[in-house]
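Participant: Take this structure first; my questions come after.
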Amino acid sequence: MAQLRIACAQINCVVGDLTGNSDRVLSAYQAAVTQTCDLVVFPELTITGYPPEDLLLREAFVEQSLEVVQRLATRIGSTTAIVGVPLRADGALYNAAVVLRDGAIVGTYRKQLLPNYAVFDEERYFEPGTETGQIFEIAGVAVGVSICEDAWSAQGPIAAQAAVGAQVCVNLNASPFFRGRLADREAMLSERARRANVPIVYCNLVGGQDELVFDGASLVVDASGNVVGRARQYVEDLLIVDLHDLAATRKETVLNPVHEVYEALVLGTRDYVRKTGFTEVAVALSGGIDSSIVAAVAVDALGAERVHGVLLPSRYSSEGSITDAIALAERLGIETVTIPIEAAHAAFESMLADTFEGTSAGTAEENMQARIRCNVMMSISNKFNWMVLTTGNKSEMATGYATLYGDMAGGYAVIKDVPKTLVYELCEERNQRAGFDLIPRAAIQKPPSAELRPDQKDSDSLPDYAVLDPIIEGYVEDDLSIAALVALGHDEAIVARVAQMVDRNEYKRRQAAPGVRVTRKAFGKDRRLPITNRWPG
């Protein structure tokens, strides 16, 4: 087997931070050089960060990206580096990988397969490359280079490169996380390597970018399709691969499926807060399970000293909601402030008394409380420059069981893509790792309630979450029809009701804060349905 030492540099790039990303490349490159590596591979669009979206439509952005990579090349020595950058040629823009060595750009590869589904929109910006069977000689070894989606086709570049003599294929990636994605990658790469009879080094991006979380977990697969190396999940890492001894590659243990989701929430929250220039956050603590898990994630993401709990009791708040919120804050080690909303609530009722005269109290009066709380939270945010983390889950966002300009308002929606049933699992898993009930048992066991009227329960307005969540998954994530869901055994009346709630609340979700994507299809740019829509489902 050929002798080649490869470093897979799994780094956390920031979209638009061209110079900063170049510095991150140099830092990882120098670490690889000290370990006598011949080649250092970086993630997709390393210089710009991923996805740069409509920044790519700005010519100055593309030009500056090239200038940065040209300056970077002058810092690269005899150890080869392969980095991702957008490149314009013959009037077209390409998602490219450049090969840097001895102070210069010595080769270029252009991505051939452009994803244009789910959260991906690359055909909006790029033209596909057409060079098939392109390989580069690095330290006397024939190396195939491809980018992300190129690996997902059995007839793609990896097969063509192996056919003309590639001894190893490296693949630059920005593959976002959702539940089950790591297993998908491993199965795909195993099949690709086995069919092409060539080892593959798959270098993935790590970090949060708006709604997306890139989980790292870069992989090395041998020519027989065995996963022989794996980088850590959710952190920057440098994975060293010796081509002549792949079995010696470090292979990190994979987190369990619930812990994976939790760490995605932590990384997504940390990077969104920090990359947007904030340092501290505020969370409205109700004593319920949703605000509890959001507060726990925030503490793990930022540290207890940067998380501020706000209790906003109303006339309908139970004693338990207050004591459970205080117990949570004490266990997490965060400071709290209590601001009762009764004075504002009474004032609003008085202001609207004449206008509402002769009508029965209902949703408008209930939501008034949520909107008062929103005003308090956003005032605190304005005063102290704390980002407000909202606490609504996917089950609520799907059905519209949330108040527009009320509990939906804030800077980041940590669990907006987490179904309620998974919220319970996350709490139990976090408590298990803590070794005690970090999230109070009472918060987990109490019946969910918005506490906007006496004795209110979520079950007054929604099906049981164990019934609701599989319907939402089928209707939203799998795009199943009402008839198809009924054929799977779901109650027809419940399915029809849930579908109607999902459809009629699209307008609310368009105005919601961004949040971490952890399922196959999240609300936001992952799912694009018209607000004005009469399709019956």
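The values are calculated or read from the model by the stated rules, or taken from the named source; none is laboratory data. Note that the structure is a prediction, hence the values are computed from the model and not measured. Positions of Cβ are generated from backbone atoms using ideal geometry, with glycine treated the same way; all protein chains shown enter the neighbour counts.
Participant: Can you pull out the residues in the range 119-148 that are touching a Pro at 6+ places or on another chain (Cβ under 6 Å) and modelled with pLDDT under 95?
Facilitator: We begin by selecting, within the range 119-148, every residue touching a Pro at 6+ places or on another chain (Cβ under 6 Å); these are 122, 146.
Result: E122, single match.
Okay, residues lined up against (1) within 24 Å of D150 (Cβ to Cβ); (2) buried (at least 23 other Cβ atoms within 10 Å of the Cβ); (3) charged (D, E, K, R):
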position	(1), (2), (3)
A2	yes, no, no
L26	no, no, no
F42	yes, yes, no
T46	yes, yes, no
Q70	no, no, no
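Participant: If you don't mind, there's one more thing I want to ask. Of all residues in the range 425-461, count the ones that are buried (at least 16 other Cβ atoms within 10 Å of the Cβ), among the polar types (S, T, N, Q) and under 26 Å from M501 (Cβ atoms).
Facilitator: Going through the range 425-461 one residue at a time, the tally reaches 2.
The rows are residues; the columns are (1) of a type in the set (S, T, Y); (2) under 29 Å from the mean Cα position of the chain (by Cα); (3) under 21 Å from V241 (Cβ atoms); (4) assigned by TED's automatic domain parsing to the domain that holds D17.
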| site | (1), (2), (3), (4) |
| --- | --- |
| A104 | no, no, no, yes |
| G107 | no, no, yes, yes |
| K111 | no, yes, no, yes |
| A174 | no, yes, yes, yes |
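Participant: Could you grab me the full set of residues in the range 431-447 that are out of contact with any helix residue (DSSP H, G or I) (no Cβ under 6 Å at 6 or more places or on another chain) and not small (G, A, S)?
Facilitator: Start the filter on the range 431-447 by keeping residues that are out of contact with any helix residue (DSSP H, G or I) (no Cβ under 6 Å at 6 or more places or on another chain), which leaves 431-436, 441, 445-447.
The answer is N431, Q432, R433, F436, R441, Q445, K446, P447.
Participant: Also, quick follow-up: For the subset of the range 359-387 comprising residues that are more than 23 Å from Y272 (Cα to Cα) and polar (S, T, N, Q), which member is surrounded by the most Cβ atoms within 10 Å (Cβ to Cβ)?
Facilitator: Q369
Participant: Right, something else. Take the range 176-200 and flag every residue that is assigned to a helix (DSSP H, G or I), crowded, with 16+ Cβ neighbours inside 10 Å and within 17 Å of the chain's Cα centre (by Cα).
Facilitator: The answer is R181, L182, R185.
Participant: For E319, state whether it is without any contact (Cβ under 8 Å) to a residue 24 or more places away in the chain, closer than 11 Å to P440 by Cβ and in the same structural domain as S449 (by TED's automatic domain parsing). Reasoning before the result, please.
Facilitator: Numbers: without any contact (Cβ under 8 Å) to a residue 24 or more places away in the chain: yes; closer than 11 Å to P440 by Cβ: no; in the same structural domain as S449 (by TED's automatic domain parsing): yes.
So E319 fails the test.
For every residue, the table says whether it meets (1) of a type in the set (S, T, N, Q); (2) part of a loop (DSSP other than H, G, I, E, B); (3) buried (at least 18 other Cβ atoms within 10 Å of the Cβ).
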{"residue": "L389", "(1), (2), (3)": "no, no, yes"}
{"residue": "G406", "(1), (2), (3)": "no, yes, yes"}
{"residue": "V418", "(1), (2), (3)": "no, yes, yes"}
{"residue": "I471", "(1), (2), (3)": "no, no, yes"}
{"residue": "G474", "(1), (2), (3)": "no, no, yes"}
{"residue": "A483", "(1), (2), (3)": "no, no, no"}
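Participant: Additional query: What single numbered condition from (1) within 16 Å of V14 (Cβ to Cβ); (2) small (G, A, S); (3) buried (at least 19 other Cβ atoms within 10 Å of the Cβ) fails to hold for A264?
Facilitator: (1)
Participant: Going residue by residue through the range 274-288, is there one that turns out to be surrounded by 17 or more Cβ atoms within 10 Å (Cβ to Cβ), in a helix (DSSP H, G or I), assigned by TED's automatic domain parsing to the domain that holds I444 and in contact (Cβ under 8 Å) with a residue 12 or more places away in the chain?
Facilitator: Yes, the conditions are met somewhere in the range 274-288.
Participant: Among the residues that make up the range 20-31, is at least one of them under 21 Å from L114 (Cβ atoms) and under 24 Å from the mean Cα position of the chain (by Cα)? Give the derivation first.
Facilitator: Of the range 20-31, the ones under 21 Å from L114 (Cβ atoms) are none.
Among the residues of the range 20-31, not one is under 21 Å from L114 (Cβ atoms) and under 24 Å from the mean Cα position of the chain (by Cα), which makes the answer no.
Participant: Cβ-Cβ distance below 9 Å, separation of 6 or more or different chains: which pairs start in the range 77-104 with a residue that is touching a residue at least 60 places away in the same chain (Cβ under 8 Å) and end on one that is charged (D, E, K, R) and in a strand (DSSP E or B)?
Facilitator: If the second residue must be charged (D, E, K, R) and in a strand (DSSP E or B), the pairs left are A97/R110.
Participant: What number of residues within the range 315-349 are more than 30 Å from the chain's Cα centre (by Cα) and either charged (D, E, K, R) or buried (at least 20 other Cβ atoms within 10 Å of the Cβ) (or both)?
Facilitator: 7
Participant: Taking the range 492-537 as the region of interest, how many residues are aromatic (F, W, Y) and not in a helix (DSSP H, G or I)?
Facilitator: Count: 2.
Participant: Return the pairs, sorted by first residue and then second, in which the second residue is part of a helix (DSSP H, G or I), the first residue lies in the range 49-68 and is among the hydroxyl-bearing types (S, T, Y), the beta carbons are less than 8 Å apart, and the residues are 6+ apart or on different chains.
Facilitator: S65/L18
Participant: Then there is this: Any idea which of (1) at pLDDT 95 or above; (2) over 26 Å from F523 (Cβ atoms); (3) touching a strand residue (DSSP E or B) at 6+ places or on another chain (Cβ under 9 Å) is the one V213 doesn't satisfy?
Facilitator: Only one criterion in (1) at pLDDT 95 or above; (2) over 26 Å from F523 (Cβ atoms); (3) touching a strand residue (DSSP E or B) at 6+ places or on another chain (Cβ under 9 Å) is unmet by V213, namely (2).
Participant: Could you list, ordered by first residue, the pairs with Cβ atoms under 7 Å in which the first is in the range 175-192 and in contact (Cβ under 8 Å) with a residue 60 or more places away in the chain and the second is of a type in the set (A, V, I, L, M, F, W, C) and outside any loop (DSSP other than H, G, I, E, B), at least 6 apart or interchain?
Facilitator: P176/L212; P176/V213; P176/F214; F177/V213; F177/F214; F177/A264; R179/V261
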